[in-house]
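*Asks:* This is the structure, below, for whatever I ask next.
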Amino acid sequence: FDTKTPKSVTNDPTSFASDSVRMRWPIILTGAVDDVYKTISATEDAEKQAEGKKIIEQLGALKYEMLHDRQMTPLVEDGFPEETAAYNKELEQLGNPTWFQVPWLFSECYMYRRINTLFTTTQHWKSYDLFARQKIDSFRTSRNAVAELAARYEDIVTKIRADKNITHDSEAEKILFMEMCEVCLWGNATDLSLLTTMTYEDIQRLQGSEARKAAEKNILVNKLPQAYDLLNKARAEGKKERRVDFVLDNSGFELYVDLVLAGYLLNTGLATHIVLRPKSIPWFVSDVMPADFAALLSALANPKKFFEAPTEEETVAEKTPTPLSEKEAQSLSFVFQDWATQHGEGQLAIRPNRYWTAGGSFWRLPHEAPELYEDLKQAELVIFKGDLNYRKLTGDACWDPTTPFTEALGSMGAGSGVNVMSLRTCKADVVVDLPAGKDEELRALEGGGGDSGARKWAWSGKWAVVSLSEGK
Ligand code: F6P
Ligand code: MG
């Protein structure tokens, strides 16, 4: 079911895959050890401590295997036999590869799935999320952008409510739709698996509205007008249930901006229902799990308490965070009320599926997850957030960058019955849907890769693509 186009592999020195396995993943594993260590230190339970120490040893062993290019070992069965068997079958089909000689997409998924087995096979750490600390802390750090957006959201939604049935200016609505989608897009620039090369300050700089305006020219493909037309048409046709799905990416700030867009769609009636699709295990550091959604809502339920607690960095530096102003706290409460009501009334639902943490590309989705596929077909639009989802959609393959998006999606493209939109800031090699000559132009920029053979411009999250495939 996979594409015949060659995949990105860790043995390609010009690929970001090569950097990832040698530098980024070992750092992520070191962070994982630190996190477990902190939790061990905070517990009195001797059995939990003993299990925690074993997890630390195993994380260390995994890092060693990786850095020394050892063979990737089969996953142990941890309660999901079909899942582990699928990973192990793929290892076998790849000829039991070593870390530096393996398709990038599969090996990165394998790493997170393997880490998960270390926890699920214990008594006391079964549902432990080793990235939870980082996720919640980074949300706290984004408070300025969070507050700014809350004010904007309150303003827009109040106007929509006041305007109901008076005028319906679809040009104005379209412009706001595009703004909300761009907010949602750039929220993806800040995932934590890239934090190994970015500071919290870099992230804050990326989040404000000024930064967003400046970044508009960095959207290389922009199919937002077409996406608007699609939703507007379904509404005009009087279709009763019009669902928009979000295949989520990162929690914290990105999930917050996803909800900003979701809330906008519900308030305008561009959608009647939203389905959020999270991951079921800790994944690519910052990806949303159901508990992260709950944590975000509870932070917003009591914004002063949450945002005025110091982050870990502030604790170390003995700094006190600035209190929220009354206005900021009030806008945040407005946002909370709106989302909590939508959630309570079933317009905003969260629907997990373990398929999202399988090791393959979405070319396999219709075949491997037929029920999920049928469900996705029911939506007017399925928004795939972020870089990893884009890699999974396109098979993480070395496409010619002018390949049409629909073609690069294989069985999820033309004729699939699914309208796929990707909101992706580029953080990997694969890219399609570009106008002829664009890739060359970007490579020629400073830091763009030049004639090194590496598509470096596409690694940092500075550039973005918004592609649409109308599969219906
Ligand atoms: O490029 C770094 C990286 O960790 C990729 O390996 C991965 O595809 C991506 O970032 C995760 O980003 P996102 O959270 O946008 O899916
Ligand atoms: Mg992610």
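*Asks:* Sort through Leu255, Leu231, Leu176 and tell me the only one that's aliphatic (A, V, I, L, M), within 16 Å of ligand 1 (Cβ to nearest atom) and either at pLDDT 75 or above or part of a helix (DSSP H, G or I) (or both). So that I can check it myself, show each step before the final result.
*Replies:* On the way: Leu231 fails: within 16 Å of ligand 1 (Cβ to nearest atom); Leu176 fails: within 16 Å of ligand 1 (Cβ to nearest atom).
After applying the criteria, what remains is Leu255.
*Asks:* Only one of these conditions is not met by Glu308: (1) touching a Leu at 6+ places or on another chain (Cβ under 9 Å); (2) open to solvent by 20 Å² or more (accessible area, probe 1.4 Å); (3) within 16 Å of ligand 2 (Cβ to nearest atom). Which number is it?
*Replies:* (3)
*Asks:* Continuing with the same structure: If we scan region 442-454, do we find a residue that is buried (at least 24 other Cβ atoms within 10 Å of the Cβ) and within 16 Å of ligand 1 (Cβ to nearest atom)?
*Replies:* No; the residues of region 442-454 include none that is buried (at least 24 other Cβ atoms within 10 Å of the Cβ) and within 16 Å of ligand 1 (Cβ to nearest atom).
Let's see how each residue does on (1) touching a Lys or Arg at 6+ places or on another chain (Cβ under 7 Å); (2) over 30 Å from Ala309 (Cβ atoms):
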position	(1), (2)
Lys54	no, yes
Gln58	no, yes
Ala61	no, yes
Gly79	no, yes
Asn116	no, no
His124	yes, no
Ser127	no, no
Ala145	no, no
Thr158	no, no
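*Asks:* So for region 97-104 (the condition being touching a strand residue (DSSP E or B) at 6+ places or on another chain (Cβ under 7 Å) and assigned to a helix (DSSP H, G or I)), does at least one residue qualify?
*Replies:* yes
*Asks:* Let me ask you something else. Does any residue of region 243-252 turn out to be away from ligand 2 (no atom under 16 Å from the Cβ) and either open to solvent by 10 Å² or more (accessible area, probe 1.4 Å) or assigned to a loop (DSSP other than H, G, I, E, B) (or both)?
*Replies:* yes
*Asks:* Kindly provide the set of residues from region 459-472 that are within 16 Å of ligand 2 (Cβ to nearest atom) and over 21 Å from Met412 (Cβ atoms), ordered by number.
*Replies:* Trp459, Ser460, Gly461
*Asks:* Scan region 263-273 and give yes if some residue there is within 16 Å of ligand 2 (Cβ to nearest atom), hydroxyl-bearing (Ser, Thr, Tyr), at pLDDT 95 or above and part of a loop (DSSP other than H, G, I, E, B), otherwise no.
*Replies:* no
*Asks:* Now, a different point. Picking from Gly410, Gly395, Gly417, which residue would you name as being open to solvent by less than 30 Å² (accessible area, probe 1.4 Å), away from ligand 1 (no atom under 16 Å from the Cβ) and in contact with a Phe, Trp or Tyr (Cβ under 7 Å, 6 or more places away or on another chain)?
*Replies:* Gly410
*Asks:* Considering only residues that are over 21 Å from Cys184 (Cβ atoms) and within 15 Å of ligand 1 (Cβ to nearest atom), look in region 455-472 and name the one that is least open to solvent (accessible area, probe 1.4 Å).
*Replies:* Per the stated criteria, the residue is Trp457.
*Asks:* Turning to a different aspect of this structure: Across region 258-292, what is the total count of residues that are open to solvent by 10 Å² or more (accessible area, probe 1.4 Å), touching a strand residue (DSSP E or B) at 6+ places or on another chain (Cβ under 7 Å) and either within 16 Å of ligand 1 (Cβ to nearest atom) or aliphatic (A, V, I, L, M) (or both)?
*Replies:* Residues in region 258-292 being open to solvent by 10 Å² or more (accessible area, probe 1.4 Å), touching a strand residue (DSSP E or B) at 6+ places or on another chain (Cβ under 7 Å) and either within 16 Å of ligand 1 (Cβ to nearest atom) or aliphatic (A, V, I, L, M) (or both): 1 in total.
*Asks:* Of the residues Val36, Val21, Val9, which single one is in contact with a Pro (Cβ under 7 Å, 6 or more places away or on another chain) and of a type in the set (Val, Ile, Thr)? Please lay out each step first, then the result.
*Replies:* On the way: Val36 fails: in contact with a Pro (Cβ under 7 Å, 6 or more places away or on another chain); Val21 fails: in contact with a Pro (Cβ under 7 Å, 6 or more places away or on another chain).
That would be Val9, the only listed residue that is in contact with a Pro (Cβ under 7 Å, 6 or more places away or on another chain) and of a type in the set (Val, Ile, Thr).
*Asks:* Moving to a separate point now. For Ser298, are the conditions met, namely being closer than 19 Å to Asn144 by Cα and either part of a strand (DSSP E or B) or small (Gly, Ala, Ser) (or both)?
*Replies:* Working: closer than 19 Å to Asn144 by Cα: yes; either part of a strand (DSSP E or B) or small (Gly, Ala, Ser) (or both): yes.
Judged against the criteria, Ser298 is a match.
*Asks:* Answer yes or no as to whether Pro310 is more than 16 Å from ligand 1 (Cβ to nearest atom), out of contact with any strand residue (DSSP E or B) (no Cβ under 9 Å at 6 or more places or on another chain) and not hydroxyl-bearing (Ser, Thr, Tyr).
*Replies:* yes
Yes or no, residue by residue, for (1) within 16 Å of ligand 2 (Cβ to nearest atom); (2) without any contact (Cβ under 8 Å) to a residue 12 or more places away in the chain; (3) out of contact with any Ser or Thr (no Cβ under 6 Å at 6 or more places or on another chain); (4) within 22 Å of Lys239 (Cβ to Cβ):
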{"position": "Lys377", "(1), (2), (3), (4)": "no, no, yes, yes"}
{"position": "Phe384", "(1), (2), (3), (4)": "yes, no, no, no"}
{"position": "Asp387", "(1), (2), (3), (4)": "yes, no, yes, no"}
{"position": "Lys392", "(1), (2), (3), (4)": "yes, no, no, no"}
{"position": "Pro401", "(1), (2), (3), (4)": "no, no, yes, no"}
{"position": "Ala414", "(1), (2), (3), (4)": "no, no, no, no"}
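The values are calculated or read from the model by the stated rules, or taken from the named source; none is laboratory data. Treat the numbers as computed from the prediction; the structure is a model and nothing was measured. Don't worry about glycine lacking a Cβ; one is built from the backbone with ideal geometry, like all the others, and counts go over all protein chains shown. Areas reflect the complete protein model, heavy atoms only, side chains present, ligands, DNA and RNA absent. Shrake-Rupley method; radii C 1.70, N 1.55, O 1.52, S 1.80 Å.
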